[in-house]
1. Mind checking which helices (runs of 4 or more DSSP H) fall wholly inside the stretch 73-121 and carry at least 2 residues that are under 21 Å from the mean Cα position of the chain (by Cα) and away from the ligand (no atom under 16 Å from the Cβ)?
2. Just one of GLU338, GLU359 is in a helix (DSSP H, G or I) and within 23 Å of ALA268 (Cβ to Cβ); which is it?
3. Mind checking which helices (runs of 4 or more DSSP H) fall wholly inside the stretch 125-190 and carry at least 1 residues that are under 21 Å from the mean Cα position of the chain (by Cα) and crowded, with 24+ Cβ neighbours inside 10 Å?
4. Is there a residue in the stretch 399-411 that is assigned to a strand (DSSP E or B) and touching a strand residue (DSSP E or B) at 6+ places or on another chain (Cβ under 6 Å)?
Amino acid sequence: MNAVKTGSHVASTLEKTPVGDLVDGTGHSSGAEWLTRYSTSLMGVFGTPQRVLVRGAGCLVWDADGKEYLDLLGGIAVNALGHAHPFVTSVISSQLATLGHVSNFFTSPTQIALAEKLLALTKAPAGSKVFFTNSGTEANEAAFKLARRNATGPDGAPRTKIIALEGAFHGRTMGALALTAKEAYRAPFEPLPGGVVHIPFGDIAALEAAVDETVAAVFLEPIQGEAGVRPLPVGYLRAAREATTKAGALLILDEVQTGIGRTGKWLATEDAGIVPDAITLAKGLGGGFPIGALLTFGERTSSLLSAGQHGTTFGGNPVATAAALATLHAIESQRVLENVAVVGDYLRTGLADVDGVTEVRGEGLLIGFDLDADVAPAVVTAGLDAGFIVNSPGPRTIRLAPPLILTKDQAGTFLAGLPAILQTAKDAQ
Ligand SMILES: *Cc1c(COP(=O)(O)O)cnc(C)c1O
């Protein structure tokens, strides 16, 4: 009680300071002024930000100039419950005002409860375990290290070969980057951790030929998000499970983008009829708060990394795990997965009817659509001007990954606005 009182007293004092001004978005600078300061103080790896955002509520956000946007990207599949969700916000605030960080020399109730909850939601078999991280790339780093401990070759030798797919995106740190296929991301940082082989996307014969007893693991995204929302073909996961089981290799599913309700199911792969050896999660897990997780399925895989072989300072901290518990609870109790299925179908059907849209892909509220011209970046710009946030993972591909609470009415405003946005983008070419 004391801590809460002290916390709110400090907060009310800070409200009158320049920090409080920044938080509530009344920092008195225009978007253009902020962007000038950005370019002189922040590293240029992201290019120029599209807007300076100061406030959000549900599926809406506002920029520093007061303009409103319907957020159809959700922080790239992160803001599962939209912005400033009251329940998630209050759980995070009260956890932070009670106990914020303890290090992994200690544990806390929310960490343990979240691990149990994730194992239950993913129907993990007995002996399954969780390792918490702060991001998707860290979850995949942990999985990479796990794979390096898979030393059950016929002669007992360690296996170092890992199979990933062309088009794969698994993150930007060195191990995850080695798993990522895109040459422009990789080339400046060679040499990367060795042993990763990229095979053609969705080609079962190529997979079966590649997976032998020298392979430690196969990494797969059920739907490649960064490659433009490209789902694995039917039967591919089952073939991957059979080939990896036969070869003694681990099957590791990267559900960083597709997990936590994004496809209308807790996991995109939950109906695939297979049990993987490990799953990585992140993006939507904390409802906007940074957290990731590696789930290892079964006793054997769960004991590959032993005491001292991996670690993190922040991973699994009380605030992040409380945020994730709150997010999962809200998704469950508000029947959000049903909304994802309904609004996702509505959007895909509507998009397919728009002139200039040539293909619509994806599941639930992870949607990619192709255009009949290379105007996707111009569509992003025209979309912003019209009050919609969308993303272009390719020159003629648009990706939508809105909050899972997007309403049909909100989706309808985008469908109604899209023809004019496409026209503006084409005129700008
Ligand atoms: C975003 C993403 C990652 C990387 O997550 P970060 O939190 O950005 O490190 C890894 N895998 C997939 C499939 C992703 O979409």
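1. The qualifying helices (runs of 4 or more DSSP H) are 86-96, 109-121.
2. From the options GLU338, GLU359, the qualifying one is GLU338.
3. The helices (runs of 4 or more DSSP H) meeting that bar are 136-148, 174-179.
4. yes
Every read-out reported here was derived from the displayed coordinates using simple, explicitly stated rules and does not represent laboratory data. Given the structure is predicted, the values throughout are model-derived calculations rather than measurements. Neighbour counts are summed over all protein chains in view; Cβ atoms, including those assigned to glycine, are modelled from backbone coordinates with ideal geometry.
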